[in-house]
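Taking it in order: structure first as structure tokens, then the write-up.
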Amino acid sequence: MVWHDGPDFTRLIELAGTAPADVARMLAAGLEAGDPLAAQSIAALAEAGLAPDGAESLLRAAVPDATESLLVRVAQALHVLTGDESWAIPIATVLASDAFWGVRIDAAIALAAFTPTADLVASLGRAVRDDEYLVRYHAANTLLRYAGHTDDIADHPDLFDKITSDSDVAAREAVADQLTSAVRT
């Protein structure tokens, strides 16, 4: 359920308030072990105003060896901590890679937190054409966010029906074109 619904950081946030040194030590150990959840945890703590001291340095130190899920989560956390929009670049790189579809889904979802640029829109447009349905679905949702919508692609049956087809590549391309043209960068 954590993979599908995401982690619940309630207890972590409580512990960060009462035992911040222990939390910082364990998150550093998690990052050193290459655990993407450690990076997600830092992002959650930063959003709660409880980022551990030195978190940015720990995350930056993880970047050179990070790949796939870890790279996505580290880039997300650095974006939360620094506000630097350039952290979208490694996430878009993962989205365009041959990584497992679950990793590419995470990348498509993560990009929704960034300000749309022409390169990000193009990357997500390519992902709407992906062979894997769930990558298409989440890339389409991120493009909807970029276009100012808060609803889900499934709420747009004319588009949704086209991206669910594994065989109708032309329909997926039409949806990608429609969504990317709806975004103002």
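Mind checking which helices (runs of 4 or more DSSP H) fall wholly inside the stretch 80-152 and carry at least 2 residues that are farther than 23 Å from residue 170 by Cα and under 11 Å from the mean Cα position of the chain (by Cα)?
Correct list: 88-95, 101-110.
Yes/no per residue for (1) touching a helix residue (DSSP H, G or I) at 6+ places or on another chain (Cβ under 6 Å); (2) under 23 Å from residue 33 (Cα atoms):
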residue: 74; (1), (2): yes, yes
residue: 94; (1), (2): yes, yes
residue: 106; (1), (2): yes, yes
residue: 132; (1), (2): yes, no
residue: 156; (1), (2): no, no
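Cβ-Cβ under 9 Å, sequence separation 6+ or interchain: first residue in the stretch 29-43 and closer than 9 Å to residue 70 by Cα and buried (at least 23 other Cβ atoms within 10 Å of the Cβ), partner at pLDDT below 95 and aliphatic (A, V, I, L, M). Which pairs?
If the second residue must be at pLDDT below 95 and aliphatic (A, V, I, L, M), no pairs are left.
Please go through the stretch 81-110 and pick out each residue that is among the β-branched types (Val, Ile, Thr) and in contact with a Phe, Trp or Tyr (Cβ under 9 Å, 6 or more places away or on another chain).
91, 105
Filter the stretch 53-82 down to the residues that are of a type in the set (Asp, Glu) and loosely packed, with under 15 Cβ neighbours inside 10 Å and list them by number.
53, 65
For the structure I just gave you, tell me whether residue 85 is surrounded by fewer than 16 Cβ atoms within 10 Å (Cβ to Cβ), over 27 Å from residue 116 (Cα atoms) and at pLDDT 95 or above.
When the stated conditions are applied, residue 85 does not pass them.
Take the residues of the stretch 10-21 that are surrounded by fewer than 17 Cβ atoms within 10 Å (Cβ to Cβ) and farther than 10 Å from residue 52 by Cβ: which is nearest to the chain's Cα centre (by Cα)?
10
Please indicate, with yes or no, whether at least one residue in the stretch 173-180 is of a type outside the set (Asp, Glu) and more than 27 Å from residue 68 (Cβ to Cβ).
yes
Which condition number does residue 7 fail, the rest of (1) part of a helix (DSSP H, G or I); (2) at pLDDT below 95 being met?
Answer for residue 7: the failing condition is (1).
The values are calculated or read from the model by the stated rules, or taken from the named source; none is laboratory data. Fair warning: this is a prediction, and the values are worked out from it, not measured in the lab. Cβ sites come from the backbone with ideal geometry, for glycine too, and all protein chains shown count toward neighbours.
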